[in-house]
Amino acid sequence: MNGCVRLVFRVWGEESETSDLQCSAKRKSIMRSSSEEQIGLSNSEEDDETGKNFTERRLTDGGTGTFQYRDLKNANIFYSEKPDSIEEFMQDIKVDILKNFPEIPDFESSVRKLSSRTRDNLLFSFNLDNILKHLDDPYAHKNYVEVEWMKQIRSDFVRAEQVDKALNLTDMFDRHWFSAVKNFLISTMSLITTILNSPDDGQSLHKYKKARKKRKTKGSKLVESAEREQRPLQSVYHHYYTRIGELFFLKQRAVVNRTFIFGDKTVSSVPDLAYGFASRPVAVQKNVLLSVVEVEGKPVNNDMSECLEDQLESDVLGRMGSELFAVVPHSVMFPNSLGIICMGTKIIFVYLKIKREPGELLILPLKSKGIIQYTRPFDILKAQDRGDVCEILYWLGCVQNHCDRELLLTT
């Protein structure tokens, strides 16, 4: 099992030269992306596969087709026993980014202003989990819920539109704030409409999960039928995640398929969404700021005391961990990396922290234990949860847009 991690880069399905990943003491060589990497847009045909769920189709190895949490443990990477508060989590991220890129300002004033504005004007708050438990109620109930929720969203739209008229549009963030809010609210309406009016009176999700369990014993017809009904939900959720990022000025980049070899496993990972970073204006975003993984599974609780290992399935934990490790050489927080797990309308921040001595190779299993810190789940449809994540997401958005904003201010 011991040995250097190897990154295998593929160009449109063809394997190129395999090279050992050596983490030299020079940060520049570590942060530079390889020209051999396969670049695939997140809306490519590969992303539209429906024969497997997100976890199954994205992560493969030579055996079961998924990278399990036990594989992470064998690599000496473990999830923390309890979640961090969002404040502690954000502080760790800021310290690591500013240590690697000290020229980046703190953005405290901008983040505080944007967060306060969004909290004060996006007031809609929905308990979708509670509604999903009663989707078999009469149609009138669902129709009433939908109408009431749409009223809240329209009120937020009118409120935000009025605020926009008084903003200083010479500021890049102020200029784009209302557009981002508008798109987010429209996407929220689309998400709610799709969920409440999904095929088979909203039972396609239940049918889909039940059919997956019968895949091996009952043949493929039931599975294919359920998956056809589930595609609109997958599509609308994916679109919603992109709008969440855009609300906080986070711009997508092309995702990169990175493959590494661990023991007898060849692990290929590609996030569902990726957000890059360039350290100077008009430069290619070769560094990775944030990776997003979309997964399916049982609902998670918002309890601060619950261990993530007790809430998520082994393949979800394994996939997220391997995504975080694969991106380490290109991470803005090197030798650490940041990600988000998306499940329905809930998001969980995760952060892989690796202890590494100068000049030490990245070898699996790691010499020192790698720890994946995480937060409690936050439901974006709930006003309180949405407000709690405003600062960290706006700060990441400011960091990503730093060079563009500086360029505008100097021209």
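Give the residues of region 68-82 that are surrounded by 14 or more Cβ atoms within 10 Å (Cβ to Cβ) and assigned to a helix (DSSP H, G or I), sorted by residue number. Correct list: Tyr69, Asp71, Leu72, Lys73, Asn74.
Of all the listed residues (Tyr374, Tyr394), the sole one being crowded, with 20+ Cβ neighbours inside 10 Å, in a helix (DSSP H, G or I) and among the aromatic types (Phe, Trp, Tyr) is Tyr394. Among the conditions (1) basic (Lys, Arg); (2) surrounded by fewer than 17 Cβ atoms within 10 Å (Cβ to Cβ); (3) at pLDDT below 50, the only one that Arg212 does not satisfy is (2).
Taking region 92-200 as the region of interest, the helices (runs of 4 or more DSSP H) fully inside it that hold 1 or more residues being under 27 Å from Val288 (Cβ atoms) and not hydroxyl-bearing (Ser, Thr, Tyr) are 108-121, 172-196.
When residues in region 230-255 are screened for being in a helix (DSSP H, G or I), at pLDDT 80 or above and open to solvent by less than 30 Å² (accessible area, probe 1.4 Å), 7 of them pass.
Residue count for region 339-361 satisfying the condition of being assigned to a loop (DSSP other than H, G, I, E, B) and crowded, with 22+ Cβ neighbours inside 10 Å: 3. Within region 110-133, residues that are closer than 25 Å to Leu396 by Cβ reach partners that are part of a helix (DSSP H, G or I) and among the acidic types (Asp, Glu) with beta carbons closer than 8 Å, at six or more positions or on different chains, in the pairs Val111/Glu391; Arg112/Glu391; Ser115/Glu391; Asn121/Asp156; Leu122/Asp156; Leu123/Asp156; Phe124/Asp156. Note on region 164-186: residues that are exposed (fewer than 15 other Cβ atoms within 10 Å of the Cβ) and of a type in the set (Val, Ile, Thr) total 2. Exactly one residue out of Ser115, Ser85 is surrounded by 12 or more Cβ atoms within 10 Å (Cβ to Cβ), in contact with a Phe, Trp or Tyr (Cβ under 6 Å, 6 or more places away or on another chain) and among the small types (Gly, Ala, Ser), and it is Ser115. I'd like the full set of residues that are of a type outside the set (A, V, I, L, M, F, W, C) and not in a helix (DSSP H, G or I), limited to region 325-338. Hits for region 325-338 are Ser331, Pro335, Asn336, Ser337.
Taking the listed residues Ser322, Ser368, the one that is of a type in the set (Gly, Ala, Ser) and in a loop (DSSP other than H, G, I, E, B) is Ser368, with no other qualifying. Within region 148-192, the set of residues being of a type in the set (Val, Ile, Thr), out of contact with any Leu (no Cβ under 7 Å at 6 or more places or on another chain) and modelled with pLDDT of 90 or more comprises Val158, Val163, Ile186, Thr188, Ile192. Mind checking whether some residue in region 130-139 is farther than 22 Å from Asp388 by Cβ, aromatic (Phe, Trp, Tyr) and in contact with a helix residue (DSSP H, G or I) (Cβ under 9 Å, 6 or more places away or on another chain)? Yes, region 130-139 contains at least one residue that is farther than 22 Å from Asp388 by Cβ, aromatic (Phe, Trp, Tyr) and in contact with a helix residue (DSSP H, G or I) (Cβ under 9 Å, 6 or more places away or on another chain).
The values are calculated or read from the model by the stated rules, or taken from the named source; none is laboratory data. Note that the coordinates shown come from a computational prediction; the quantities given were computed from them, not determined experimentally. Backbone-built Cβ (ideal geometry, glycine too); neighbour counts: all protein chains shown. Just so you know, the surface numbers come from the protein's heavy atoms only, side chains and all, with ligands and any DNA or RNA stripped out. Shrake-Rupley method; radii C 1.70, N 1.55, O 1.52, S 1.80 Å.
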